[in-house]
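Please read the structure below before turning to the comments.
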Amino acid sequence: MTATRIYDAIGATEDATWRQPDADAVPSHAMTFIAPDGTELVCLDVPGSLPTPRPGEEIRLHDREVMVDHVTTAYGRDKATGRVEVITLVLVTAGAGPEMR
């Protein structure tokens, strides 16, 4: 797919889904932490936004240290409400904490 076709597809989706959100609508942010084998470890879904970890950063999930390997974020809009939706996938690897040393 060419860059122009990708941009056209994004624009068409935005045109089809855009509507003025309610005045009190806040963005929704879902962040899912995934192990290298694809296992979903933790899924957080909040109104507003969460701080996004950076690759190479050590973080704690349910009191266990992991290393952030890769982060991907997708942005979109709820078709029914117009509310902005942010979806972040975080690939993590065990071994950052003292329990793995």
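The values are calculated or read from the model by the stated rules, or taken from the named source; none is laboratory data. In this text the structure is predicted, and so the values were computed from the model without any measurement. In this analysis, Cβ positions are derived from the backbone assuming ideal geometry, glycine residues included, and neighbour counts consider all displayed protein chains. Remember, those area values only see protein heavy atoms, side chains included, never the ligands or the DNA or RNA. Shrake-Rupley method; radii C 1.70, N 1.55, O 1.52, S 1.80 Å.
Numerical summary
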quantity: In the range 70-82, the residues that are at pLDDT 95 or above and either open to solvent by less than 40 Å² (accessible area, probe 1.4 Å) or part of a loop (DSSP other than H, G, I, E, B) (or both); calculated: V71
quantity: Subset tally (residues that are β-branched (V, I, T) and not in a strand (DSSP E or B)) for the range 36-69; calculated: 2
quantity: Residue selected from the range 83-101 under the condition modelled with pLDDT under 80 and among the small types (G, A, S), by the criterion farthest from P36 (Cα to Cα); calculated: G97
quantity: Checklist (1) farther than 26 Å from A9 by Cβ; (2) surrounded by 13 or more Cβ atoms within 10 Å (Cβ to Cβ) applied to G38, failing item; calculated: (2)
quantity: Options T32, T39; residue that is without any contact (Cβ under 8 Å) to a residue 24 or more places away in the chain and hydroxyl-bearing (S, T, Y); calculated: T39
quantity: Selected residue (criterion: farthest from A80 (Cα to Cα)) from residues of the range 1-35 that are of a type in the set (A, V, I, L, M) and part of a strand (DSSP E or B); calculated: I34
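Okay, residues lined up against (1) within 26 Å of D15 (Cβ to Cβ); (2) surrounded by 13 or more Cβ atoms within 10 Å (Cβ to Cβ); (3) in contact (Cβ under 8 Å) with a residue 12 or more places away in the chain; (4) within 17 Å of the chain's Cα centre (by Cα):
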site	(1), (2), (3), (4)
P51	no, no, no, yes
L61	no, yes, yes, yes
V68	no, yes, yes, yes
V84	yes, yes, yes, yes
L91	no, yes, yes, yes
A94	no, yes, yes, no
